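Participant: Okay, handing you the structure first.
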Amino acid sequence: MSEQAAPQHRQITVTEHLLLHQKQSPTATGSFTQLLYDLILAAKLIARNVTKAGLLDVLGGTGEINVQGEDVQKLDDYANRILIHRLQRTGVLCAMASEENADVINIPDAFRRGEYILIFDPLDGSSNIDVNINVGTIFSILRRISPSDQDVALSDVLQPGYKQVGAGYVLYGPSTMLVYTTGQGVHAFTLDPSVGEFLLSLSNVKIPETGKIYSVNEGNVSYWDEKTALAAASFKGSDNPRGAPYSHRYVGSLVADFHRTLLKGGIFMYPMDYKDPDHPKGKLRLMCEAAPMSLLAEQAGGMASDGRRRILEIIPDTLHARVPLYIGSKNDVQHVINKLK
């Protein structure tokens with residue numbers, strides 16, 4: 001791997017790392033650092049309950065259906081409420097958007113408003129929590145474009161991914177990890193439960209240009225078009241950037257599958273399929289899943305596409321717009337794009 005582990009004799013906390021980058025920016029006000037600090041606090045609260053999922057009454061569904069038409073899991077609902085409760089009080093947000101909420105979440109009049117917009121998937125992969133598979137929180141941060149003395153407009157939220165000022169995820173697994181970028185590389189931190197701090201574990205993570213693993217739900221192959229099926233099948237033979245078969249790994253949790261791809265290289269694919277006629281453009285959400293992961297991938301030297309366009313250049317037309325996603329090592333993603341032409 002090309003990522004660099006942090007020196008063990010000097011363990012840098014995520015707060016120190018944020019403050020260091022803040023000092024390097026002459027126009028920094030500290031509000032962005034405050035936002036990330038409060039986001040991290042919310043993630044710690046979520047991590048605490050995720051690790052006790054088999055002991056607390058947080059497994060299974062709530063019996064409700066979310067805006068995506070999916071069953072709401074108890075931990076999904078908990079994570080969503082924690083994030084909204086903590087972040088609306090931070091004083092630096094003007095609006096939020098969640099995968100679980102149909103509309104933009106405005107900051108109540110009782111709280112001070114700022115210039116940032118937070119978009120998040122509170123608990124990606126939550127349907128797997130019952131079987132103790134990794135889940136995570138994905139987040140994207142935008143800066144509003146309308147005047148601050150006006151109400152937040154939908155156009156403030158529906159911005160292309162390249163305008164993100166920050167993005168990342170928290171992975172709840174054997175250890176809890178925070179991976180984020182502010183446009184200055186990708187950095188990973190591991191939560192030390194003994195001190196309650198995220199400590200720098202990987203600095204300037206880089207995705208190998210060509211990987212050895214492909215990740216896709218091949219159970220959906222009968223719902224793909226011919227070019228997509230041939231592109232996926234090419235990783236089983238020699239007609240690919242390696243010239244040899246790739247290993248197949250698929251968890252079914254975007255955070256888990258992307259995290260492995262980020263560190264080990266290869267490609268994660270979630271193609272457009274004909275399985276669900278309600279979502280002909282794909283299953284993954286552009287704004288709270290594909291865009292933040294794509295910013296991380298590009299910052300790590302990788303690539304992300306919907307098969308035709310760079311993900312970060314797609315302008316969302318709705319809050320919950322969906323897209324196909326091909327993301328990971330540059331050579332592997334380009335290979336699929338070429339196959340889909």
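Participant: Please list, in chain and number order, the residues 5+ apart from Ile12 or on another chain whose amide H is under 5 Å from its amide H, with Hs placed from the backbone.
Facilitator: Placed amide hydrogens put Leu200 under 5 Å from Ile12.
Participant: Same structure again: Full-extension gain between Ile315 and Asp192, please, as 0.36 nm times their residue separation minus the C-alpha to C-alpha distance. Numbers along the way, then the final one.
Facilitator: Working: separation 123, 0.36 × 123 = 44.28 nm, distance 3.84 nm.
My answer for the length gained is 40.4 nm.
Participant: Ok, one more. Would you tally the net charge around Glu289, using a Cβ to Cβ cut-off of less than 12 Å, leaving Glu289 out, and scoring K and R as +1, D and E as -1? Display every interim value, and only then the final one.
Facilitator: Values: positive: Lys283, Arg285, Arg322; negative: Glu99, Asp121, Asp124, Asp257.
The answer is -1.
Participant: Here's a follow-up. Quick check: residue separation of Ala229 and Ala244 times 0.36 nm, minus the Cα distance between them. What number comes out in nm? Kindly include the intermediate steps, with their values, before the conclusion.
Facilitator: Working: separation 15, 0.36 × 15 = 5.40 nm, distance 1.79 nm.
That pair, Ala229 and Ala244, stretches by 3.6 nm at full extension.
Participant: Given points 7 Å out from each Cα along the Cα-Cβ axis, report the Thr13 to Ile133 separation in nanometres with one decimal.
Facilitator: Distance between label points: 3.6 nm.
Participant: Next up: May I ask you to order 327-334, 259-266 by the average number of other C-beta atoms within 10 Å around their residues, highest value first?
Facilitator: Numbers: 327-334: 25.4, 259-266: 22.8.
Answer by packing, highest mean first, reads 327-334, 259-266.
Participant: Based on alpha-carbon centroids, what's the gap between segment 254-292 and segment 72-134 in Å, whole number please?
Facilitator: Taking the Cα centre of segment 72-134 as reference, the centre of segment 254-292 is 20 Å away.
Participant: Mind putting a number on the dipole of the chain about its Cα centre? Charges go on the C-beta only, +1 for Lys and Arg and -1 for Asp and Glu, and I need it in Debye to the nearest 20. List each step's numbers first, then the result.
Facilitator: Details: 33 positive and 37 negative charges, 213 e Å.
So the magnitude is around 1020 debye.
Participant: Answer with one residue from Tyr270, Pro122, Tyr326: the one whose Cα lies farthest towards the positive end of the charge dipole of the chain, charges on Cβ with Lys, Arg +1 and Asp, Glu -1.
Facilitator: Going by the Cα projections, it comes out as Tyr326.
Participant: Computed from these coordinates, which is Rg and Dmax of the Cα atoms in Å: [x] 22.9, 81; [y] 18.8, 55; [z] 19.4, 61?
Facilitator: Here the calculated entry is [z].
Participant: Anything in the chain that counts as a DSSP H helix reaching 27 Å or more along its axis (C-alpha) with Kyte-Doolittle mean of at least -1.0? List them, would you?
Facilitator: Details: long enough: 31-50 (28 Å, 0.94).
Passing helices, by number: 31-50.
Participant: Could you order the peptides 240-253, 77-90 from most to least packed, using the average number of other C-beta atoms within 10 Å per residue? Provide the component values of the computation, followed by the final result.
Facilitator: On the way: 240-253: 15.9, 77-90: 20.0.
Final packing ranking: 77-90, 240-253.
Participant: List, in the order given, every pair from Lys74/Lys281; Lys212/Lys275; Lys281/Lys341 whose Cα-Cα distance in the structure shown is over 21 Å. Each step should come with its number before you reach the end.
Facilitator: Working: Lys74/Lys281 28 Å; Lys212/Lys275 28 Å; Lys281/Lys341 17 Å.
The answer is Lys74/Lys281; Lys212/Lys275.
Participant: Okay, next question. Among 149-155, 102-108, how do they line up by average Cβ neighbours within 10 Å per residue, starting with the highest? Don't skip to the answer; put the middle values down first.
Facilitator: Details: 149-155: 11.3, 102-108: 14.9.
Sorting 149-155, 102-108 by mean packing, highest first, produces 102-108, 149-155.
Participant: Additional query: Karplus couplings for segment 239-248 from phi (6.51 cos²θ - 1.76 cosθ + 1.60, θ = phi - 60°), rounded to Hz, Gly and Pro as x?
Facilitator: 7, 7, x, 7, x, 7, x, 8, 7, 9
Participant: Give the residue from Ala188, Val50, Phe111 lying farthest towards the positive end of the charge dipole for the chain; charges sit on Cβ (+1 for Lys and Arg, -1 for Asp and Glu) and the dipole is referred to the Cα centre.
Facilitator: Value: Ala188.
Participant: Oh, and also: Once each part is reduced to its C-alpha centroid, what is the distance from segment 324-341 to segment 158-176 in angstrom?
Facilitator: Between the Cα centres of segment 324-341 and segment 158-176 lies a distance of 21 Å.
We did not get these values from a lab; they are worked out from the coordinates using the rules stated. These figures come from a predicted structure and were not determined experimentally. Note that we place each Cβ from the backbone using ideal geometry, even for glycine, and neighbour counts take in every protein chain shown.
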